[in-house]
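Throughout, read-outs are computed from the coordinates displayed, never taken from laboratory work. From a predicted model like this one, the values you see are computed outputs, not experimental measurements. Cβ: placed from backbone, ideal geometry, glycine included. Neighbour counts: every protein chain shown.
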Amino acid sequence: MTRTLLIPGIDGSPDPHWQAWWQKNDPMALTVDQDDWSNPSPEAWEAEVAGAVLQHPGAILVAHSLGCLVVARLLAIWPHLNIAGALLVAPVDPARCDRLRRFMHTPRTELPVPVTVVASRNDPLLPFEDACDLAHDWGAALVDMGRAGHINIASGFGPWSQGLELRDALARHSRAYVMPRSRKCVSAERWAF
């Protein structure tokens with residue numbers, strides 16, 4: 001079974017966030033910690049994730065919120081890392097929050113692994129059209145969750161078993177991955193790779 005590295009957003013993913021639930025209930029899931037969840041340094045966070053990837057080669061990265069930008073930056077800077085794929089849930093626009101401004105330099109190039117972006121039509125931290133643009137630029141499949149807010153505790157997401165299904169589909173897809181990958185947008189009710 002493939003290791004899942006969980007990359008939370010700013011302030012971490014405390015209970016009952018779906019990432020915390022996955023960490024507790026999936027023996028192959030591991031949260032990548034960092035020194036200061038409330039005041040993150042992009043470079044330090046990227047180094048923590050890179051170190052976790054080196055310890056767990058071939059892992060699937062599952063990021064939420066600001067963690068999505070950390071993963072995108074990491075893949076753009078170190079494309080040779082052995083990562084099976086990335087599930088990027090509810091990426092953010094750092095211009096919308098002063099606390100996120102250090103992450104303004106978001107890569108806008110195709111990422112070197114299979115990527116799925118999961119976005120909401122009413123996410124207060126990234127308009128859906130911008131999420132579509134990011135997915136396109138990253139060469140990612142896009143899953144439209146409809147009106148799901150920021151796909152976090154506040155919008156009613158606890159265990160989020162559908163996310164596990166998306167992760168597993170990405171893992172299957174990564175085993176069959178061949179460049180170039182197609183870009184598709186699918187609704188949360190129906191996804192395919």
Pairwise label distance in nanometres, Ala154 with Asp133, each label 7 Å out on the Cα-Cβ vector = 2.3 nm
Quick shape check on region 11-85: root eigenvalues a ≥ b ≥ c of the Cα gyration tensor, a/c under 1.5 is rounded, otherwise prolate if a/b tops b/c, else oblate, and it reads oblate
Within-12-Å neighbourhood charge of Ile77 [Cβ basis; K, R +1; D, E -1] | -1
Between Ile153, Leu126, Leu111, whose Cα lies farthest towards the positive end of the dipole of region 107-172 when Lys and Arg beta carbons carry +1 and Asp and Glu beta carbons carry -1, centred on the Cα centre?
-> Ile153
Count the net charge of all other residues whose Cβ sits under 11 Å from the Cβ of Val53, scoring Lys and Arg as +1 and Asp and Glu as -1.
-> -1
Among Ala86, Ala59, Ala44, residue whose mean-square fluctuation peaks in a GNM of the chain (springs only between Cα atoms under 10 Å) = Ala44
With contacts defined as alpha carbon pairs under 8 Å and 6 or more residues apart, what's the relative contact order of the chain in percent?
-> 20 percent
Among Ser13, Ser174, Ser155, determine the one that fluctuates most according to a GNM of the chain built with springs between C-alpha atoms less than 10 Å apart.
-> Ser155
